[in-house]
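One structure is given here, and the rest of the page talks about it.
Quick note: the coordinates plus some simple rules give every number you see, no bench work behind them. Computed from a prediction, not measured in an experiment: that's the story for all the values here. A quick note on method: Cβ atoms are made from the backbone with ideal geometry, for glycine too, and the neighbour counts reach across all protein chains shown.
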Amino acid sequence: MHWYLVHTKPRQEKCALENLHRQGYQCYLPTIPSEKLRQGLLTVVDEPLFPRYLFIRLGQGDSAKSWAPIRSTKGVSRLVSFGIEPARVDDGLIELLRTQEASVQTEPERLFMSGERVCLTEAPYAGIEGIYQMADGERRVKDEQNPDGDIAIEITGLRPGEKLYEELLIGDNPKPTVHSRIMKAHEEFIPWAELEGQLRSLEMALNVNDVGVIRLMMEKLVAGYTPSDEIVDWVYLEQEAEAQALGLA
């Protein structure tokens, strides 16, 4: 038996590994611990050492396990070949990779290194540059005005869909507030006494599927709604054609 190389689909190395194992193939996916920023938190994950590649051990002959299912395995792109010959990998390389992987320190590859210059990209401190100092404790950086590292970097865990700040404003005429960074939306509206009657008329038009009237009412009720194309409601167009044929329109 010999080792060969499998090319996987993007970011599906572990998926391919798991599905090949389930079919009884002997595989090896070398990984390396790496520090990643996910949802505002620094986490350590095992990343593939060779993205989109893993090793598989295969035999030849009638008694060997069939190679045919490999390509159709979920997560697998193809078996790497040179021409028509599958690319064979030396056993010594696999042993070397396993030895080095086992000897790798538990300390992951850092997202930022001490002394590295960083630039904040999120408001309200976007554009501020500093020198990254440490990954534990208070997580501080320093700049020319704070040489002792008095600027604290706090990593905040957010719930799914939550944001640190909001930039959405309704309308193009926001009003200021007492805080220079907070604006107040000023949205146009129709008084309820008028809107109630308009909604009743709109409901009647909807009940009879009068698309032309519906469109005119929407233009009047919804600020900024200016359709540029003709009506393409096929049911409405067919009804109009029938009415014209009968001389009712």
Can you tell me which of 58-65, 9-16 comes out highest on packing, and rank the rest after it, using the mean Cβ neighbours within 10 Å? 9-16, 58-65
Given R₀ = 41 Å, what would the calculated FRET efficiency be for A245 paired with F50, taking r from the Cβ atoms and rounding to 0.05? 0.05
Region 2-103: percent of C-alpha pairs farther apart than 17 Å? 56
Residues with amide H under 5 Å from that of Y4, placed H, sequence gap 5 or more: I56, R57, L58, V89
Students often check this: by mean Cβ neighbours within 10 Å, which of 43-53, 75-85 ranks highest, and how do the rest follow? 43-53, 75-85
Cβ-derived FRET efficiency at R0 41 Å, V118 paired with A87, nearest 0.05: 0.50
Students often get this wrong: which residues of region 191-206 have the backbone nitrogen under 13 Å from the point 7 angstrom along Cα-to-C-beta of K220? 194-205
